Structures are given as C-alpha cells and as structure tokens.
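Structure, as structure tokens:
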Amino acid sequence: MAKHLDLEEQEQLDQIKHFWAKYGNAISWLLIVVFGGFAAYNGWNWWQRNQAAKAAVLYEEVDRAVQSKDLDRVGRVLADMRADFARTTFSAQAGLLAGKALFDGGQLDKAREALQAVLNESKDEGLQAVARLRLASVELQAGKPDAALQVLQAKVPAPFEPLLADRRGDVLLAQGKTDEAKAQYEAAWKALDAGNEVRRLVAVKLASLGVAVDAGAKP
C-alpha cells in the first residue's frame, strides 16, 4: 500500500513538474506584471500626493505675494510652479490669482501669459472658464477687442455661459456694436437666476442702453 502511494505521489509530482515546465514562465511573468502594476499604482498615487503638497506650498507663496502686492515675486513663484507642477490644480488656481493681480497692477502682458497658461495646462473646465473671462478683460484693456471676443467663443460649462455672454456684451459695446451688445446682455439676463448679483448688474447695463427689465424677475 505504501509503495502504491509512493508511486501515486511520484506521478503527481511529475504532473506538477510538467505543468510548471509548460506554464511556469508565463505564470511568473503574469505575477510580475500584476504585482508590478500594483506597486506602480501605489507609487503613482504617492507621487501625485507629493506633487500636490509641494504645489500647495507654492500657491500659498503666490497668495502672500499678491496680498503684499509684490508683483515681481508673484511672477517668480508662478514661474516655479509652472516649471514643476504645471498640471496641478494649485498651479491653475495660482495662475488665476496671479493673472488678476498682474492685471490690476497694469502688467497686461504678464497677466495674459499667466491666464493663457491656465487655458493651456489645466484640464478643469471651470478654471478654464474663469481664465477666459479674465483674459478677455486683459485683451479689452489692451485695446484688442477682437482677441477678447475670440477668447470668449469657446464652449464652457453651462453655469459660465451667461457670464461669457455678459462679457461679450462688454466687448461689443466697446466696439460700438450696440445692438449686438444688447443681444448678449439679454441672453445673459435671461439665463441668470433671479436674485443673482450679476443679473442685477446686467439689468443696469441694459437700462443704460434703453432696455427696461426687472432685475429681480424670473426669466
């Protein structure tokens, strides 16, 4: 009986050896791929968290520079962020913050560069829409209304559409295209919720053009 069991075990061992000889290499590579992928996934998540943490520190530096109105420092820190963390949300937010500060400080070329970088590098459609609104103001202030209108032609998330219409109205009015400006203001007014502060401002613009609307009424 013992001899029979030994032969059976030997047969099983031979079968295992045969199976491993035939499939062992493939199984080994499969395990390498699976565990390697798991390690890579964890490594990628760690890298992203590390990048976000470093970008957050630089964002705070941009914010402090903006608060102190140190525009040179704003530009330097923003350049560092774009060099190392261009694809992070913090970098896009810093670009918006810097763009506004540089615009308010009269540095239109640098403001344009900061806001254009948000459009080029960020994947967040909401942040891109805000960048478009601010970049249009930069172009209009720079005496480039056609460039401003071009910036405002892109498709944006629905909540931003009336804001872009309002800004298009501003640009068209600056060009002396009163009827087209009215149409854009009316589109913005109808799309905004009653009670919205922007809607009240649009109503004031329409009133200045001879169009009477109830700022608080529902569209």
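Between residue 174 and residue 29, residue separation times 0.36 nm minus the direct Cα-Cα distance comes to 45.5 nm. Note that the range 183-196 has calculated 3J(HN,Hα) couplings of 4, 5, 5, 5, 4, 5, 4, 5, 7, 7, 6, 4, x, 5 Hz, one per residue in order, obtained from phi through the Karplus relation 6.51 cos²θ - 1.76 cosθ + 1.60 (θ = phi - 60°); glycine and proline are x. Pull out a ≥ b ≥ c, the square roots of the eigenvalues of the alpha-carbon gyration tensor of the range 125-219, then state rounded if a/c is under 1.5, prolate if not and a/b is larger than b/c, and oblate in the remaining case. Verdict is oblate for the range 125-219.
Take every Cα pair under 8 Å whose residues are at least 6 apart in sequence, average their separation, divide by the length of the range 117-219, and the relative contact order is 18 percent. A Förster radius of 25 Å combined with the Cβ-Cβ distance from residue 141 to residue 60 puts the calculated FRET efficiency at roughly 0.30. Taking each residue as 0.36 nm, the span from residue 116 to residue 153 lengthens on full extension beyond its C-alpha to C-alpha distance by 11.8 nm.
Qualifying trypsin sites (Lys or Arg not before Pro) in the range 134-219, where qualification requires a DSSP coil assignment and no more than 11 other C-beta atoms within 10 Å, comprise 155. Give the calculated FRET efficiency between residue 204 and residue 68 to the nearest 0.05, with a Förster radius of 30 Å applied to their Cβ-Cβ distance. Result of the calculation: an efficiency of 0.30. Compared with the alpha-carbon gap, the fully stretched path from residue 52 to residue 83 is longer by 9.8 nm at 0.36 nm per residue. Is the range 70-139 best put as rounded, prolate or oblate by its Cα gyration tensor, with a ≥ b ≥ c the root eigenvalues, rounded for a/c under 1.5, and otherwise prolate when a/b is larger than b/c, oblate when not? Since a/c reaches 1.5 but b/c is at least a/b, the shape of the range 70-139 is classed as oblate.
Please go through the residue pairs 110/190; 100/123; 110/155; 100/177 and name each one whose alpha carbons sit more than 30 Å apart in this structure.
Details: 110/190 35 Å; 100/123 20 Å; 110/155 25 Å; 100/177 27 Å.
Flagged as over cut-off: 110/190.
Each value in this text was obtained by applying a stated rule to the coordinates, not by laboratory testing. For clarity, every value in this text was computed on a predicted model and none was experimentally measured. We place every Cβ from the backbone using ideal geometry, glycine too, and count neighbours over all the protein chains shown.
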